[in-house]
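Data block below; observations after.
The values are calculated or read from the model by the stated rules, or taken from the named source; none is laboratory data. None of these values were measured; they are calculated from a predicted model. No Cβ is skipped: glycine too gets one built from the backbone with ideal geometry, and neighbour counts run over all protein chains shown. To get the accessible areas, we keep the full protein, side chains included, count just its heavy atoms, and leave off ligands, DNA and RNA. Shrake-Rupley method; radii C 1.70, N 1.55, O 1.52, S 1.80 Å.
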Amino acid sequence: MSFKRKFALITLSAALAVYTIAGAWLATRAQQPSNDPGAQLRIFESVLQHIQSDYVDEPNMEKVRAGALRGLAYGLDPYSTYLTAEQVNDYRGGQKQDRAGIGAELSQFASFHYVVAPIKGSPADQAGVRAGDIIEYIDAKATRDISLYDARQLLNGASGSEVKLRILRSNSRPLTLTVRRGTFRAPASEARMEAGKIGILRINSLDNGEAADARARLQELIKQGAQKIVVDLRSVAGGEIQEGVSVANLFINDGAIAKTIGREQKVLKTFNADAKLATFSGPVVVLIDNGTAGAAEVVASAFIERKRGDVVGEKSFGSGAEQELFTLRDGDGLLLTTVKWASAGGKSFLGEDRAHSGIEPTVIVKRPDSVDTSNLEDSQGNEEAPPAKPSASPETTPKPQPEDLQLKKALELLRDKPVQRPA
């Protein structure tokens, strides 16, 4: 069964379920606004009454309750979730010292877990996991409809242990990759010179402290005579909002750079540029792609809205949110998104759906290997994971690297620009 067909079946099933339930209480909804909490509670009470009175077996109400709470959180965004009491304790205690991960930023797409970008040099990156991959199974566990939090728990484990991932990849048959868990750190920013006194600043992470490293690499380029800069933010996902602000501030010397937005679009905090930290005033072009997310989107959006320079590439993924844990009386809890990251103009990077998430570049240039999720294939479509077969390493058959069209376009744009920054 093709991935497209599977997605259609999932969507159709969900729609039928919604319409079936809707038919039972259509009259009630006609008399109440859809967002009226009282009306929604009465609907849930009616559903629970039917379950208790009409279900063929004696229902396990604890399971019913947990399932309902998971469904409620699932209807919000990929990062809001229901946690069991055990998960609440783990969350409060932080990640266990004896557990390690695979090093990939995840989100959800069509109810499956989507790799926004693997961290460069991480176990996932070394095993051949790519941006745009969909993880269909983690070992023998199907990922469809489980939360991101649950998936991360499955991916984490003892350092040195292995986890098998069944991957759906665009224009490829399903494959199984074995990833050895371990500790890792994204490599530092990289810098090099190109012809025409153009410096390339490649940023690999925007975790805490990485903006200072990017600043040091930028200063090295300036000392080498760079008069124009390309800032490469492709496949940089996650990170901290302040690190993104600090990188943007290297090139923008005044005004707002980003905001955090709360309920009812209330601005919680505005991040402004500090003129003393601005380092480079010459022409700059930023590169982004589908794997650009979170703090990197802070940088890209600031360049666009402040008209500081072109942003070249593909639409970014769209993320950047903060969650707060609300505990329930039985010890379980809801992890809810309470803050979204936004551009200086107030546009949230994480939208209400995929179409409204992310940042559109000012100059669109697609790569030959860009991800097309519409033709991902799953040849079996089984509910149980197929037996894992040893997979040849993706590196065993090296292919010539395609020309970097996005970088090529950035260099063309910069060569046409005068050295002085336009007023």
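A few notes on this one:
- Two-site label geometry, GLN153 and ALA278: point separation in nm, points 7 Å out along Cα→Cβ: 4.9
- Each Cα pair under 8 Å and six or more residues apart adds its separation to the average, and for the range 221-318 the resulting relative contact order is 35 percent.
- Cα shape, the range 226-287, gyration tensor, a/c 1.5 rule: oblate
- Over all other residues within a Cβ to Cβ distance under 15 Å of GLY313, the charged ones net out to -3, with Lys and Arg as +1 and Asp and Glu as -1.
- Pair GLU264, ASN89: separation of 7 Å Cα→Cβ label points (nm): 3.9
- Charge context of THR143, other residues only, Cβ under 10 angstrom, K/R +1, D/E -1: 0
- Per residue, the range 200-291 exposes 39 Å² of solvent-accessible protein surface, assessed with a 1.4 angstrom probe and all protein chains in place.
- Heavy-atom accessible area, probed at 1.4 angstrom with all protein chains present, ranks TYR114, TYR55, TYR74, TYR149 as TYR55, TYR74, TYR149, TYR114, highest first.
- Candidate residues THR337, THR362, THR260: accessible-area rank, largest first, probe 1.4 Å: THR362, THR337, THR260
- Using a probe of 1.4 Å on the protein chains alone, the accessible area found for ASP254 is around 80 Å².
- FRET efficiency, SER53 to ARG192 (Cβ-Cβ, R0 45 Å, nearest 0.05): 0.05
- Per-residue extension of 0.36 nm, minus the Cα-Cα distance of ASP207 and ARG185, leaves a gain of 6.9 nm for this segment.
- Formal net charge of residues neighbouring ILE241 (Cβ-Cβ distance under 13 Å; K, R +1; D, E -1): -3
- Whole-number accessible area per residue in Å² for the range 315-373, which is evaluated in the context of all protein chains at 1.4 Å: 50
- Per residue, the range 66-116 exposes 47 Å² of accessible surface when a 1.4 Å probe is rolled over the protein heavy atoms with every protein chain present.
- Overall, the anisotropy analysis places the range 160-219 in the oblate class: the square-rooted eigenvalues a ≥ b ≥ c of its C-alpha gyration tensor yield a/c not less than 1.5, with a/b not exceeding b/c.
- The share of accessible area on the range 93-147 that comes from carbon and sulfur is 43 percent, using a 1.4 angstrom probe.
- Sequence of GLU86, GLU264 when ordered by accessible area, the most exposed leading, probe 1.4 angstrom: GLU264, GLU86
- By a 1.4 Å probe calculation restricted to protein chains, LEU250 has an accessible surface near 10 Å², given to the nearest 10.
- Whether the range 229-329 is rounded, prolate or oblate, judged on the alpha carbon gyration tensor where a/c under 1.5 counts as rounded: oblate
- The apolar share of the surface of the range 186-237, taken as the fraction of accessible area on carbon and sulfur atoms (1.4 Å probe, ligands and nucleic acids excluded), comes to 45 percent.
- Accessible surface of the range 275-325 [probe 1.4 Å, protein heavy atoms]: carbon and sulfur percent: 48
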